[in-house]
Structure formats: C-alpha cells, structure tokens
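Presented below is the structure to which this report refers.
Please treat every number below as a calculation from the coordinates, not as lab data. Keep in mind that what you see is a predicted model, and the values were worked out from it rather than measured. Here the Cβ positions follow ideal geometry from the backbone for every residue, glycine too, while neighbour counts run over all protein chains shown.
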Amino acid sequence: MDGDDIGRWLQRQKQPGNWAQLSSEEQERLSRLGAEPIQRPVPTPAATPASKSPSKAQQAFRRGLAALAQWVEREGVERPVPRSHSEQIAVEGKGEPVAVRLGVWVSNTKSRRDKLTPEQLDALRKLGVKWVYGLGEHRYSGWR
C-alpha cells in the first residue's frame, strides 16, 4: 500500500518485543483484525533414533540455535547479533554455562544457508530469522 509492504509491517507488529510497545488500544485493534503476538516456542532438537547420537555438526547447530533463541528472547529479532558477540548457554551434562560464539555462528549459518536441512530452516524461521524465508521451496537467497 503506497509502497509499504503491509505483510512485513504486520509481522513486525506481531513480534513479542514490538507487540509489548504497542498501546493497549493498538493491540486491541490488531486483535480485532485477527492479529495476535507471536508466541515463540523454545526450539527443541529434532528427534533422533536412540541408537544414533547427533553428529558434531548437529550438536553445534543445536547449541547455536539455543544461543540464538536466548538472544531473540532478550534482544528481539530486529537487533542483529554483533559478529564478536558470545552467548552463554546451559548445556545438558555440563556443570557450567558454555560460551557460543553467536555472531560467528549466525554469519557462518547464513553463508551456508543453502546447505541447511528443512528442519534447521524451520527452526530458524520459528525464531523469526528473516534470511531463511523463501528458502526450502524456492531456494531464493536474496533475503537479508
């Protein structure tokens, strides 16, 4: 509409951080139109057979995804992760938090996005990562 992408605007309004910044009247208006804030489920690793443990690459992806989920929960999806940022996450079986070089992980994952599995792409979409939209079905890599 007049050069504005209404769908993109609506998606931004539905982000939990943005929704909280709307006035109660604005929230009510959007709700009457059927728009509700996005409830971000905590990503869970894909089920693997009990006899087969995840590969190192799968473990690294899961750690990165957990760190990204933590970042999005705290900072929101609109704020990019600085390349030098490390995120501390709890890892099952480890007593102390583990540092994940999240900025590097995001950069590497984005540059290799055409090699991600559909499950990995879906997990990133659930977090609101914009550069994975359009991948999977069309493999369009022009998104930022």
Practice item. Provide the FRET efficiency to the nearest 0.05 for the Tyr133-Ser55 pair, computing r from the beta carbons and using R0 = 41 Å. Key: 0.95
Revision key, fill the gap. With N residues in region 56-132, Rg(alpha-carbon) / (2.2 N^0.38 Å) equals 1.04
**Study point:** Placed amide H near Val100: partners under 5 Å, 5+ positions off or other chain
**Key:** Glu87, Gln88, Ile89
Point to revise | Formal net charge of residues neighbouring His85 (Cβ-Cβ distance under 15 Å; K, R +1; D, E -1) | key: +3
